[in-house]
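Notes follow the structure.
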Amino acid sequence: MPKTALITGASSGIGYETAKTLANLGFQLIICGRREERLKELQASLQLQTPVHILVFDITDRQAVTLALNSLPTAFSQIDLLVNNAGNAHGLGPIHEGNLDDWDTMIDLNIKGLLYLTRLIAPQMVARKSGHIINVGSIAGKEVYANGNVYCASKHAVDALTRSMLIDLNPFGIKVGAINPGMVETEFSIVRFKGDEERAKKVYDGLQPLTAKDVAEVIGFMASLPPHVNISDLTLLPTAQGAATVVKRQID
């Protein structure tokens, strides 16, 4: 029986590409998100290759998360790999001008959503004494930068949670790791800038950023290592990026 991977935020970007990568590695998939049509399209493209089950729910709604996980059919109920990918940045501004709704959204999505899924899935891994959890963090969880305040704080929380989860779950033989990407061209900047595509595009002007597929392939590598090998913390940058706010741009 193939191993089962559950991926949050699978309707686009890194989550979408991770689903394709893990399908190529032989995992059967539980793909989660709020955009059902996108999930159905992904399911249709992969289901001839591997079994794919869809869960549509809001990861920030604790009750919805519980109901969704409890609805899994028996064939998908044993989760071997949890990829906590769902997360986003909302807004970019100094702390004294912050939008409280944006702050709530980032804290609920980037921290609490990750915790809800982990709390429901980790106990079955503990009972089996096997499993793997990969959290998708950010270089913003390793550094801070001007106007990034709450987003950086939420990703620092992911970093701290990953390290503490690794310690808590170590006695049970469970792998825990994080991948922390730098600049990745997905919907990230469009969401951060509230749909302003022109402003989002400028983030990547003059450089070649990572793609969602680049990140997904590294997640696949982490997931395919032998049982005795665990990548606990990995930062992935485009060659043009030296730090969160240090980039080499080609100027025409």
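Quick look at the values:
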read-out: Residue that is nearest to ASN99 (Cα to Cα) [pool: residues in the stretch 146-191 that are in a loop (DSSP other than H, G, I, E, B) and among the polar types (S, T, N, Q)]; value: ASN147
read-out: Any chance VAL56 is buried (at least 21 other Cβ atoms within 10 Å of the Cβ) and farther than 17 Å from GLU187 by Cα; value: no
read-out: Those residues of the stretch 1-43 which are in a loop (DSSP other than H, G, I, E, B) and without any contact (Cβ under 8 Å) to a residue 40 or more places away in the chain, in sequence order; value: MET1, SER11, GLY26, ARG34, ARG35
read-out: Test: residue in the stretch 44-52 that is farther than 22 Å from ASN135 by Cα, touching a Gly at 6+ places or on another chain (Cβ under 8 Å) and surrounded by 14 or more Cβ atoms within 10 Å (Cβ to Cβ); value: yes
read-out: Matching residues in the stretch 43-56 - criterion: being within 16 Å of LEU25 (Cα to Cα), of a type in the set (A, V, I, L, M) and in contact with a helix residue (DSSP H, G or I) (Cβ under 6 Å, 6 or more places away or on another chain); value: LEU46, VAL52
read-out: Residues located in the stretch 79-97, provided they are modelled with pLDDT of 95 or more and surrounded by fewer than 17 Cβ atoms within 10 Å (Cβ to Cβ); value: PRO94, ILE95, HIS96, GLU97
read-out: Criterion: part of a helix (DSSP H, G or I), touching a residue at least 60 places away in the same chain (Cβ under 8 Å) and charged (D, E, K, R) - qualifying residue of LYS194, LYS201, LYS213; value: LYS213
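The values are calculated or read from the model by the stated rules, or taken from the named source; none is laboratory data. Given the structure is predicted, the values throughout are model-derived calculations rather than measurements. Cβ atoms come from the backbone with ideal geometry, glycine included; neighbour counts cover every protein chain shown.
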